[in-house]
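Structure first, then comments.
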2 protein chains.
Amino acid sequence: MHIHRGNIVFTPTRQDFVTLSSGYVVVGDDGTVIECTERLSDRHAHIEVTDHGDRLIIPGFTDAHVHACQLPNVGLQSSMELIEWLHTLTFPQEASLGDPERADAVYGSFVELLLRNGITSSVIMGTIDADTTTILVDKLVEAGLKACVAKVSRDRNTSADAGEDTTHGVAEVRRFIQQTLARSTRVIPAVAPSVSMVCSRELMAALAEQAREFGIPCHLHLSENSTEVDVVLKMYPDCVDFVETYQRAGLMTNSNTVVAHAIHLTDREKQVIRDTGILIAHCPHSNLNLLSGVMKLADYHDAGIRVGLGSDVSAGHTLNMFANIVGAIQSGAMNYLTEHTSRPILAAEAFYCATKAGGSFFGKTGSFEPGYAFDALVVDDSMWLKHRDGKKMPLVQRIEKLIYCGDDRNIEHVYIDGRPLR
Amino acid sequence: MHIHRGNIVFTPTRQDFVTLSSGYVVVGDDGTVIECTERLSDRHAHIEVTDHGDRLIIPGFTDAHVHACQLPNVGLQSSMELIEWLHTLTFPQEASLGDPERADAVYGSFVELLLRNGITSSVIMGTIDADTTTILVDKLVEAGLKACVAKVSRDRNTSADAGEDTTHGVAEVRRFIQQTLARSTRVIPAVAPSVSMVCSRELMAALAEQAREFGIPCHLHLSENSTEVDVVLKMYPDCVDFVETYQRAGLMTNSNTVVAHAIHLTDREKQVIRDTGILIAHCPHSNLNLLSGVMKLADYHDAGIRVGLGSDVSAGHTLNMFANIVGAIQSGAMNYLTEHTSRPILAAEAFYCATKAGGSFFGKTGSFEPGYAFDALVVDDSMWLKHRDGKKMPLVQRIEKLIYCGDDRNIEHVYIDGRPLR
C-alpha cells in the first residue's frame, strides 16, 4: 500500500467538486484507491506517505475522441467545414502515416503530448493502416498509458489512399485486434467504421461482428455536420435517421460504444443513446472550429445521457484538457445565451466529463472513490498563489483557476494504477 | 537604421494576411518602419541586419481593455453574471489594491505578463486610487511598454471602498493625469467614468471636461449585460439608450474613446459609434465567462465599426492574445451557427483586431506598413515544424497554427519603437 498526501479534488457526481484540504489517498498494492480521507486512521499509520505538499491531486483526464495521426495538422483550421476539410487536409495527412518512419515520429510525439497533458486514458483512432497503427499501440504500451485504439475502416466515398477493399479491410481489422490483445491489457483494441458515409453496410456489419466476437468497444462518428447528415440520409433511404444506419449493421447496440460529436440528434436518436448507455464524446473546440454546430451538453445531461470530453485533434486544436473543459463551459454558455438550453454548464460538470464520465469507458478511472484506479495528476499551481497575502485560497477556487489558466506546465507528476509515469 | 530579416506576417486590412517569406523590415532611427520587402534594395545594402532565421516576425498585440488590478482574480469565473460578480469578487479585489505594497506586487506581475505575452500596447483601467494607479504607470514606463492608463472613477451604487466622493474624485483624476503626462510619452493617461450605473451625471461631465482640456482618451464600459442595460435605462429615464447616458455628459463625442463590450446595442447606438469612429473593445472570453451575450463582430465589421480585442482580465481569463484571437473566431462561429450573423470570422480578421485595429488607438502600431512603429514580436514556432519531412509549411498555415496553439513560450523577443525590450 501507499499513501499520497496533498490537496485532493475530484467529481464523484457532476454537481460538485469534492475537495480535501491536505487530504490522503490510500492506494492498495493493486493500484486502486482504498480510501480518500482528511484524517488517516491508525491502521494506516505504518504506510509510507508521499507528501505532495501544497500541490493539488486530481484524477487523470480521459480524451474520449482523438485522431493520433492528425497531430501535424493541429491548428490548421482554415475555416473549412467538415467535408471540405476532410478531403483537403485530413485524408492526405492520414495516408502519409502509412510510412512507418513517419508514423514512428508522429505517434512518438503524440504519446509524449498525452503524458505531458495528463491524459491517462484516451479513445484513439489511428489510420486504415494496421501495421503503423500498431506502432502507436506499442508506443502507448511502452509509455504505460491507458488507451483504446482502433485501426480505422473505410471502403467508399473517400480518396483512393484513405480507403481500402472491404474484404481486405475486415481481415486487417482482425489482425490488428489480435496483435493488440496480445500486447497489453492497458491498451485495448476497438473497431472503428469511421462514419456511415464512407463505409458500406457489409463493412459495418463485419466490424460489428468482430466487436461481438472479441468483446471489444466500437468507436464511431455521429451527426457532426448538417450537410453530412443529409448525405447519409440520402445514402440510406431505408433508415429514419443517422443512428439507424449503424443499428441496421448491428452497431450502437451496447454501452461499450463511443460516438463522437452527436450534435444534430433527433429525439429517437437521443433515446437510443440514453437507453443503450452509449458514451458521447463531446468535442467543443472541434464543434466551433469546423462550424459544425454546438452540442447541447446541458440538455443531454438532463436527459440522462453519458457524455465524455474529446479533444478531437486535429479538428480540435489542443490536447490541453483544461482548455477543452473551458471549451465545454463556454460553448454551454453560448447555448444558454441563445436559449437553446435551460442552464449554463458549471466548471464541475465539465470537469466530470473530462474525468469520471469519459473514464467510465475504461472501467473505474477518473475519480478517487474506493475501487477506482489511482490514475492521477499532481499539479503545481503555486505561481498563482503569490498575491494572496498569506491567505489560503479555497480549493474550489484553486481548481477553477487551474481549469481556466492551466496547461502542461502545471502537471508535475502523472500516476497510472498507482505507479508514477512522470 | 536597422534591418530585421525573418518570416514576416501582418494584416494591413482585415481581409488577409500579408506574408513575406525570408523578408526584410527596414526600420528608421526613429523606430518606425521604412519598408517591408522581399528583396533588399542597393541603398540599404550597408545597413546592419539582425537575422531571425526561420522565426516569424509579427506586430505586437494591443489589449484594448484590461483591468490590471484584477490579475489575482484571473480564472475565478464562478459562473456568476456581471452584477453579482462585481460585488462578490471584483470590487473587494480592487479595493485591496489601495495598499501600495500589494499594488507594487500585483502591478509588477501584471507588467511582466504583458511583456511575456507580447502585448506592446494596452488600454488599462487601474483602480479609483490615484497613487497606486501611478505605481502601475511607473512599472509600465520602466518596462518600456506603450499603454493608456486610467484611474477609475465611481461615485455611486458601489461598495463604500470601491467608490469615492465626487469632488474629491474629480480632483484626484486631475492629479493623476498631470502626474502621468509628466512621466512619459509612451504611457498616456485617460479618464474612465467606469460605467453610467456607478457614476453621477456630475462626475461624468467633469471627466468629459478633463478629457477635452488635456486632449486625452476616454475609456468606458458599455452595454455588457442585459440586466445592466435595464438598470441604466431606469436610472436615466430621459435617455433613449445607454450611449445617450454618456453623450449627455459630453462623453463618446470623438474617436479618442474606447468602449468595452458593446454587446447589446440599438441601431442608433451602432450608428453613433460608427459615425464618431469610436473603438469597441471586443472581449470574447469575458462575454462567455460572465454569460453576458456574444458581441456580433462580423456584423459590426460589416457596418464599418472599428473593433479591437480586449482580454478583459479578470472577467476574461487570459492575457494570451493568441487565445483571445481564437475566442473571437470561435464566438464568431457561434454567432454564425446560431444565425445571428451572416458569416463566420476568419483568422486574419481576428488577428487584425488584436494588432492594427486595437493599435490604432495608439496611433501607428500593429502593422508593418511604412510609418508604423516597429512594435514587433519575434516568434519561434519550430516545435511544430518537425513533422514536415523537410517540406516548408506556407506562412499562412504557420500563422494560423501559431494563433490556435501559441502561448508566451513562443514569444522570443519583443520590440517597441525598434528597440528590443526582451
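Here are a few things to note about the model shown:
- Residues that are closer than 17 Å to residue B:221 by Cα and either part of a loop (DSSP other than H, G, I, E, B) or more than 14 Å from chain A (Cβ to nearest Cβ) (or both) within segment B:301-315 comprise B:305, B:306, B:307, B:308, B:309, B:310, B:311, B:312, B:314, B:315, listed in sequence order.
- Condition check for residue B:343: touching a Pro at 6+ places or on another chain (Cβ under 9 Å) and either modelled with pLDDT under 95 or surrounded by fewer than 22 Cβ atoms within 10 Å (Cβ to Cβ) (or both): no
- Cβ pairs under 6 Å, 6+ apart, first in segment A:103-116 and free of Cβ contacts under 8 Å to residues at least 60 places away in the same chain, second of a type in the set (S, T, N, Q): A:103/A:132
- The set of residues from segment A:265-297 being assigned to a loop (DSSP other than H, G, I, E, B) and over 20 Å from the mean Cα position of the chain (by Cα) comprises A:265, A:266, A:291.
- Answer from B:203, B:181 - the residue that is among the hydrophobic types (A, V, I, L, M, F, W, C) and over 23 Å from residue B:138 (Cα atoms): B:203
- Within segment B:244-262, tally of residues that are closer than 21 Å to residue B:66 by Cα and in a helix (DSSP H, G or I): 1
- Hits in segment A:264-303 - residues which are on the phi > 0 side of the Ramachandran plot and among the small types (Gly, Ala, Ser): A:277, A:293
- Just one of the listed residues (A:167, A:185) is more than 22 Å from residue A:259 (Cα to Cα), surrounded by fewer than 24 Cβ atoms within 10 Å (Cβ to Cβ), among the β-branched types (Val, Ile, Thr) and at pLDDT 95 or above, namely A:167.
- Positions within segment B:368-409 being small (Gly, Ala, Ser), more than 10 Å from every other protein chain (Cβ to nearest Cβ) and surrounded by 15 or more Cβ atoms within 10 Å (Cβ to Cβ), in sequence order: B:373, B:376
- The set of residues from segment A:294-311 being under 20 Å from residue B:325 (Cα atoms) and not polar (S, T, N, Q) comprises just one member, A:294.
- The single residue among B:26, B:33, B:18, B:9 that is at pLDDT 95 or above, away from chain A (no Cβ under 14 Å) and under 19 Å from residue B:321 (Cα atoms) turns out to be B:9.
- Residue check, residue B:93 in a helix (DSSP H, G or I) and crowded, with 20+ Cβ neighbours inside 10 Å: yes
- Boolean, residue A:185 is free of Cβ contacts under 8 Å to residues at least 12 places away in the same chain, of a type in the set (Val, Ile, Thr) and more than 14 Å from chain B (Cβ to nearest Cβ): yes
- Tally of residues being within 14 Å of chain A (Cβ to nearest Cβ) and not in a helix (DSSP H, G or I) across segment B:316-365: 14
- Residue identified as assigned to a strand (DSSP E or B) and not small (Gly, Ala, Ser) among B:135, B:124: B:124
- Flag for residue B:185 being of a type outside the set (D, E, K, R) and in a loop (DSSP other than H, G, I, E, B): yes
- Single match in A:235, A:197, A:204 (criterion: within 21 Å of residue A:164 (Cα to Cα), of a type outside the set (Lys, Arg) and buried (at least 23 other Cβ atoms within 10 Å of the Cβ)): A:204
- First in segment B:32-49 and over 24 Å from residue B:12 (Cα atoms), second anywhere and of a type outside the set (Val, Ile, Thr) and part of a loop (DSSP other than H, G, I, E, B), Cβ under 7 Å, 6 or more apart: B:47/B:1
- Any hit, segment B:222-238, residues being within 25 Å of residue B:187 (Cβ to Cβ) and in contact (Cβ under 8 Å) with a residue 40 or more places away in the chain: yes
- Considering residues of segment B:210-232 that are of a type outside the set (A, V, I, L, M) and in a loop (DSSP other than H, G, I, E, B) only, the residue surrounded by the most Cβ atoms within 10 Å (Cβ to Cβ): B:224
- Scan segment B:44-89 for residues that are polar (S, T, N, Q) and away from chain A (no Cβ under 14 Å) and the total you get is 2.
The values are calculated or read from the model by the stated rules, or taken from the named source; none is laboratory data. Quick caveat: nothing in here was measured; it's all calculated off a predicted structure. Note that we place each Cβ from the backbone using ideal geometry, even for glycine, and neighbour counts take in every protein chain shown.
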